[in-house]
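Nothing in this text is a laboratory measurement; each read-out follows from the coordinates by a stated rule. Note that the structure is predicted; figures quoted are calculated from it, not measured. Reconstructed Cβ throughout: ideal geometry from the backbone, glycine too, with neighbour counts over all protein chains shown.
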Amino acid sequence: MRNKTFTVADVASRFYASDEYYLYHAGGTPTLWVTALYQKLLNRAPDAAGLSAWVSATTSPGVGSYEVAFEFYQSLESRLKRVDALYQVVVVVVRMRRGGRSGRMWFVRRVTSRWR
């Protein structure tokens, strides 16, 4: 990351796609791994159609676990969850001023436009 070879999304995706995460934190099967991604990155249970599609993608030639983890991490839903969590920290620590260019929507637009 320091030499700009990897983005934060690359590093996170490699972590979630690692053998260690797959085996020790996500149950060791494609279904349990995808379910863990839903829970960890989207903070919700998977829907049946989404679970089936992502499980199939993990074993498809040319897709695989890194790409699936990357798509989860970079999904709008996941990015908004991270932005909301960061916003809550900012609100608590900094007590953002009212009016003008402050507030959640301004913050979300600023942060999500830079996290690609």
Problem set entry | Counted charge near SER18, where neighbours are those whose Cβ lies closer than 15 Å (Asp, Glu -1; Lys, Arg +1) | -2
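Under 12 Å from the Cβ of LYS40, count the other residues' Cβ atoms, weight Lys and Arg +1, Asp and Glu -1, and hand me the total.
Working: positive: ARG44, LYS81, ARG82; negative: none.
So the environment of LYS40 carries a net charge of +3.
Give me D for the range 8-74 in µm² s⁻¹, whole number, from Stokes-Einstein with Rh from the Kirkwood sum over alpha-carbon pairs, 37 °C and 0.692 mPa s. If you can, show how the numbers build up before the last one.
Details: Rh = 11.5 Å.
The Stokes-Einstein estimate is 285 µm²/s.
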